[in-house]
Amino acid sequence: MAQPINNTGYLQSPNHPAPPCVMVIFGATGDLTKRKLFPALYNLAKANLLSREFAIVCTGRNELTIEAFREQISADMKTFASDGVEADLWEWFLKRIYYTHGDLNDAALYQRLQALIQMADAEHQCHGNYFFYLAIAPQFFGPAIQQLGAAGLTKEEDGKWRRVIIEKPFGRDLDSARALNAEIKQVLDEPQVYRIDHYLGKETVQNIMVFRFGNGIFEPIWNRRYIDHVQITALETVGVEKRGGYYESSGALRDMIPNHLFQLVSLTAMEPPISFDANAVRDEQAKILHALSPFTPEEVLTDTVRGQYDAGELNDERVPAYRNEENVAPNSTTETFVAMKLMIDNWRWADVPFYVRTGKRVGKRVTEISIQFKKAPFVLFRDTSIGSLRTNRLVIHIQPDEGISLRFGAKVPGPIMRMGAVEMDFNYVDYFGSTPSTGYERLLYDCMEGDATLFQRADMVEAGWSVIEPILDIWSALPPRSFPNYGAGSYGPKEADELLAREGREWRKLDE
Ligand code: BG6
């Protein structure tokens, strides 16, 4: 196996524990806490990246004693830990986990929390630093922050820090996102706010910046002169699972595009930041979001596609139509697939389409960015038996495979001049091995360190919503008439293929 090069430079793996602090989890009996947060905290502790002076205060709706909560978490860890649980380390962990239950709108809960946090802080010498993780339903984000403020828990003084991590969805359109930002601003300063987008916790997503700006050879060709178009894909084989209720009011557009997919677009398209300081990076990302060409009503009709899955066959299993999923209306018009063409109005990207697609219940789980370069002029090969030239393509594989591949043409050995497409592949696991990860480790660590680079700023969230606002408007005014329009196990509705075909292009074949 090839050896990793040990000079990662910027964005390198941290090598010192985060500062002492108390983490306060709201929604502690929910799915995210057991599936991601505790396993991620455990992985951080195991990697020696958590302070020894650390405590976790939890709150949820269920009435449980601290002992019962600890027992429940221990049982959950057996299922959700990425790589087993060491008894000694888990013992250390359990001693610093506290629990109280209550109603998020009730001021008394915050009084109890305050007492518990202070106790945990004193017991484990957490230096008065607190951060709050809001893993709760979005309607409680505003009220919980107001209550934290009223209880004096967000006030930073004497060098002690107070931060709040907010889960998605951050608003459901531009107005609600603005209103939430305004409500938060009454209590917190922007540097205290960490709006999470778990896509930024993925190693390969972080690697986009290193790949682009840490290598001298790609930047010169990363522009409209050499790139024909970009395709960004985030497809899933899963359906809506148990989340029918949420998904019915969200749909694929809100669920994936202004957050995850726009992160990938902005990281791919941004200018080099002047430093890796949080605001320098986010300024450049924000510029791309602002440069995304606004959709006219006509463009919504021509440049966006929506779909909903029908029953079908996936991995040799029969799966139901979206309309037959739990908590979904039998005549639902919610989209489970979206494709669109985005244009970026700046000098680097003028006339280069960025096609994005995302959908549930398609044939293969794939998240990737594919950069399609322009063709070389054919002139030289005119009198040979080479019929046409294929284009060079660079693919950044985000999941489930993590890596980068470059396609180029090579002569097929033999007396006749023939050309074949070959692939040069870098695979993360082969090169660097794998480390147990939930994708939340880096984000939690960065919040404790006070580094907001991988979190969304208020203006970025609002810019994302304003791009999709016209689509939300037109789609709700003109309900789809052909739903369901793609079978589970396929690659989306035929209109998604037509979107590219009419411009002489096609989506990258995912089983190539
Ligand atoms: C979430 C969406 O934010 O991201 C889900 O709400 C989606 O609907 C998920 O399935 C995809 O995340 P990942 O990490 O599995 O690509």
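None of the figures in this text is laboratory data; all of them are computed from the coordinates on show. Predicted, not measured: the structure shown is a model, and the values here were computed from it. All Cβ positions, even for glycine, are placed from backbone atoms using ideal geometry, and neighbour counts span all protein chains on display.
Find how many whole Å separate the alpha carbon centroid of the range 313-339 from the alpha carbon centroid of the range 85-155.
After rounding, the separation between the Cα centres reads 38 Å.
How much of the pair distance distribution for the range 315-429 lies past 20 Å, counting alpha-carbon pairs only, in percent? Walk me through the numbers on the way to the answer.
Numbers: 4245 of 6555 pairs.
That tail contains 65 percent of the Cα-Cα pairs.
Once the Cα gyration tensor of the range 1-149 is found, what semi-axes does its equivalent ellipsoid get, as square roots of 5 times the eigenvalues, in whole Å, sorted largest first?
On the way: eigenvalues 162, 63, 51 Å².
Result for the range 1-149: semi-axes of 28, 18, 16 Å.
Would you kindly calculate the translational diffusion coefficient of the range 120-191, applying Stokes-Einstein with the Kirkwood radius from alpha carbon pairs, for 20 °C and a viscosity of 1.002 mPa s, and quote it in µm² s⁻¹ without decimals? Could you put the intermediate results ahead of the total?
Details: Rh = 13.2 Å.
It comes out at roughly 163 µm²/s.
Put a dot 7 Å past each Cα toward the Cβ at residue 497 and residue 108; how far apart are the dots in nm?
Result for the modelled spin labels: 6.2 nm.
Where Lys and Arg each count +1 and Asp and Glu each count -1, what net charge lies around residue 429 among other residues with Cβ under 9 Å from its Cβ?
My count for the surroundings of residue 429 gives -3.
If I stretch the segment between residue 449 and residue 511 completely, what's the gain in nm (0.36 nm per residue apart, minus their alpha carbon distance), one decimal?
18.2 nm
Using mean Cβ contacts within 10 Å as the protection proxy, how do 229-242, 353-366, 426-439 order, highest first? It would help to have the intermediate numbers written out before the result.
Numbers: 229-242: 19.0, 353-366: 22.2, 426-439: 14.5.
The peptides rank, most packed first, as 353-366, 229-242, 426-439.
Calculate one ³J(HN,Hα) per residue across the range 323-339 by plugging θ = phi - 60° into the Karplus curve 6.51 cos²θ - 1.76 cosθ + 1.60, and present them in order as whole Hz with x for glycine and proline.
5, 9, 6, 4, 6, 10, 5, x, 10, 3, 10, 5, 8, 10, 9, 9, 9
Listed here are the pairs 78/364; 341/494; 46/95; which of them are more than 18 Å apart at the Cα?
Numbers: 78/364 29 Å; 341/494 15 Å; 46/95 16 Å.
Those over the limit are 78/364.
Residues of the range 226-251 with the amide nitrogen closer than 18 Å to a label point 7 Å from the Cα of residue 179, along Cα-to-Cβ, please.
So the set is 249-250.
By a straight-distance test (C-alpha under 14 Å), which aspartates and glutamates pair with residue 287 as possible cross-link partners, with residues fewer than eight away in the same chain excluded?
Within the straight-line cut-off, residue 287 pairs with 271, 345, 459, 462.
Per-residue ellipticity at 222 nm for the chain, helices alone: DSSP H runs ≥ 4 residues times -39500 (n - 2.57), over residue total, nearest 500 deg cm²/dmol? Working shown, then result.
Numbers: 15 runs with 167 residues, N = 512.
Result for the chain, helices only: -10000 deg cm²/dmol.
Can you give me the long-range amide H partners of residue 98? Hydrogens built in the peptide plane at 1.01 Å from N, cutoff under 5 Å, separation of 5 or more residues or another chain.
Amide H neighbours of residue 98, under 5 Å, 5+ apart: 56, 57, 58.
Could you list which residues have their amide H under 5 Å from that of residue 508, counting only those 5 or more apart in sequence or on another chain, with H placed in the peptide plane?
The answer is none.
How many nm separate the modelled label positions at residue 431 and residue 74, each set 7 Å beyond the Cα in the direction of the Cβ?
Label-label distance for residue 431 and residue 74, simple model: 4.3 nm.
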